[in-house]
Each structure stands twice: as C-alpha cells, then as structure tokens.
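Single-structure report; data block below.
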Amino acid sequence: MTTPEIPRLYRDADFNGPLSDGHAARLIRGLGPLTGRRVVDVGCGWAEFLLRALATDPTATGLGVDLDEDLLAHGRANARARGLADRVELIAADVGAWRGEPADVVVSSGATHVWGGDPVKHTANALTALRDLLRPGGRLLFGECFWRRPPTEAEAAAVPFIPPAQYRPLSGLVDLALAHGFRLLALSEAATWEWDDFENRQALGREERLARNPDSPHADGVRERADRHRHARVHGMRETLGFAYLTLVRA
Ligand SMILES: C[S@@+](CC[C@H](N)C(=O)[O-])C[C@H]1O[C@@H](n2cnc3c(N)ncnc32)[C@H](O)[C@@H]1O
C-alpha cells in the first residue's frame, strides 16, 4: 500500500475489513473459475478484493463502485501498478442510485449500509438489491456482521452506533440469505486474530498520528475518536460481534 491518495487511517490496511490474505484467496477460489467473468464489487473501497480476484484470471473484468473518490484513486493506482487497469473500472457513485447490468459475480463486504434506510433492515435490503445485480446462477460473496452471542445491556451501551436488532446469529444470517432466493455454497467467519489485526492497524494509525502531531488542532478530535473506538471494541464488540463470509448462488 504505497500510493499517496489513501487516508492515513487506512494506509496500513489491506482490506477495509477483518480479512487475511489466505482467507481472501480461499474466498476468491470459492467464486468459481473467473474465466471471462464480470465481477462487480459494490461499496468496494479501494477495491483490494476485486483486484485480487481479477489477478487470478487474465480474462476476468471488473467494476467497483464506491462513494469515496480518495479510496477509488488508491484502488486505481494499485490497478495500474499490478497491470490490471485495462480490465477494471472503479467509479464514484451512490450504490443506492446506481443501476448496472446483471453480473456473473457480485461482491458486497461490510457494505450493506450502502443502500441506506433503517439499519435494522440493511441486511435484508442489501440481499434484495444484490440478487437483482446478479444473473441467474451468478455467485455472490456476502460479508456481513452477526452476533456470536447477544450483547448484554452494558456491551450494547458501549457500541451505541450498532442497534442490537441490526444483526442476528449466524444461523439467522444464513436463513435470511436463503429466504432471499440464494443457495449457500460456502460459509466462513473472520477469526478473532483477523479482527484484531484489522482493528489494531486502525488504532495504531490513530495513535501514531497523535504522537506525531501532539499540538495539532485536530489532536483532541483524533484522541476522542480513538478512545471511543477502543472502548466500543474492548467493552462491546470483541466478545460479541462476528463477521461472516457467505458464498451464495442466485437460485
Ligand atoms: C466498510 S467499507 C468496506 C469496503 C470494502 N468492501 C472492503 O471490504 O474493503 C464500506 C464502503 O462503503 C462505501 N460506501 C458507503 N456508502 C456508500 C454508498 N451509498 N454508495 C457507495 N459506496 C458507499 C464507503 O465509502 C466504504 O468504502
């Protein structure tokens, strides 16, 4: 990750989610041979997963959609550096308003919120929209949170930005996907160390920024965000929140 466009917070991250290199490679294999396939990643961020998927087959093409121009610029620079620029397009758009041709493979990871609305309905709304983006028989990689166990009142209070009803147990997440017209091909979850690695990189980014710029007018805000996030992680999320990867096929 060497391009200058990316915000400092993400500079050391590979993916903007709890995902290791080996796990990503297995998920890409589960999407089937990508020969001649069109892969669409909605809420792609800097599109690391999409770029790695396209790198596995020289005939695959891809499209990534995200609102954040800085993240997309980082993804485009990585695509150029890896010789993928002629096979991938990264466009700035609101996924909720964007319409595309049905694709062979769709990726949505940590991005159910891109369709907006009530957070409690994000997962269901996303599954409805994602089904429409896929051709029949097409595959979906769906990365979404679930509760390993219901948060206690104190844990829920430590994570005020997640309504407990927004997520469900893993079994409920799978059942919801099936009820939206998918069949399950594969299921895995982020290991605790993958979560820790992801969270640690972000926390370290904030701490280093504070240490380098103690007198910055932004220091109080950065410290406050770092404290808030650490509190939510340690007191609310680490024991309770899981992240699942469902490889689904449109029935
Ligand atoms: C948690 S990140 C996940 C990024 C990527 N899928 C990954 O796993 O690395 C969620 C992404 O959704 C994007 N996003 C949020 N709202 C959006 C919208 N309405 N339309 C398109 N992208 C959106 C954000 O800019 C961010 O890059």
- Message: Residues that are closer than 24 Å to Gly116 by Cβ and surrounded by 14 or more Cβ atoms within 10 Å (Cβ to Cβ): does the range 186-199 have at least one?
- Response: no
- How about the range 70-97: which of its residues are at pLDDT 95 or above, within 24 Å of Arg250 (Cα to Cα) and assigned to a loop (DSSP other than H, G, I, E, B)? Asp94, Val95
- Task: Starting from residues that are within 10 Å of Val40 (Cα to Cα) and of a type outside the set (Val, Ile, Thr), keep the ones in the range 102-139 and report whichever is nearest to the ligand (Cβ to nearest atom).
- Result: Ser108
- Can you find even one residue in the range 187-194 that is charged (D, E, K, R) and either closer than 30 Å to Ala103 by Cα or touching an Asp or Glu at 6+ places or on another chain (Cβ under 9 Å) (or both)? yes
- Query: Any idea which residue in the range 70-88 is farthest from the ligand (Cβ to nearest atom), counting only those that are of a type in the set (D, E, K, R) and under 22 Å from Leu27 (Cβ atoms)?
  - Reply: Arg87
- Starting from the range 79-99, keep only residues that are over 27 Å from Pro58 (Cβ atoms), then list their pairs with residues that are surrounded by 12 or more Cβ atoms within 10 Å (Cβ to Cβ) and of a type in the set (Phe, Trp, Tyr) whose Cβ atoms are within a distance under 6 Å, requiring at least 6 positions of separation or different chains. Gly96/Trp115
- So how many residues does the range 139-180 have that are part of a helix (DSSP H, G or I), of a type in the set (D, E, K, R) and closer than 30 Å to Pro102 by Cβ? 1
- Message: So, in the range 115-132, how many residues would count as being in contact (Cβ under 8 Å) with a residue 24 or more places away in the chain and crowded, with 22+ Cβ neighbours inside 10 Å?
- Response: 3
- Task: Kindly indicate which of Leu140, Leu84, Leu90 is touching a Gly at 6+ places or on another chain (Cβ under 7 Å) and buried (at least 21 other Cβ atoms within 10 Å of the Cβ).
- Result: Leu90
- Note on the structure: Of the residues in the range 44-67, those that are surrounded by fewer than 18 Cβ atoms within 10 Å (Cβ to Cβ) and either part of a helix (DSSP H, G or I) or touching a His at 6+ places or on another chain (Cβ under 8 Å) (or both) number 1
- Query: Can we say Phe142 is within 15 Å of the ligand (Cβ to nearest atom), in contact with a strand residue (DSSP E or B) (Cβ under 7 Å, 6 or more places away or on another chain) and closer than 20 Å to Gly30 by Cβ?
  - Reply: yes
- Task: Name the residue, out of Asp70, Asp41, Asp104, that is buried (at least 22 other Cβ atoms within 10 Å of the Cβ) and either more than 17 Å from the chain's Cα centre (by Cα) or among the acidic types (Asp, Glu) (or both).
- Result: Asp41
- Task: Could you please let me know if Leu67 is modelled with pLDDT of 95 or more, closer than 18 Å to Thr247 by Cα and within 16 Å of the ligand (Cβ to nearest atom)?
- Result: no
- Residue check, Arg29 modelled with pLDDT of 95 or more and surrounded by fewer than 21 Cβ atoms within 10 Å (Cβ to Cβ): yes
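The values are calculated or read from the model by the stated rules, or taken from the named source; none is laboratory data. Bear in mind the structure is a predicted one, so any value in this text is a computation, not a measurement. Counting neighbours? That spans all protein chains shown, and the Cβs are built from the backbone with ideal geometry, glycine included.
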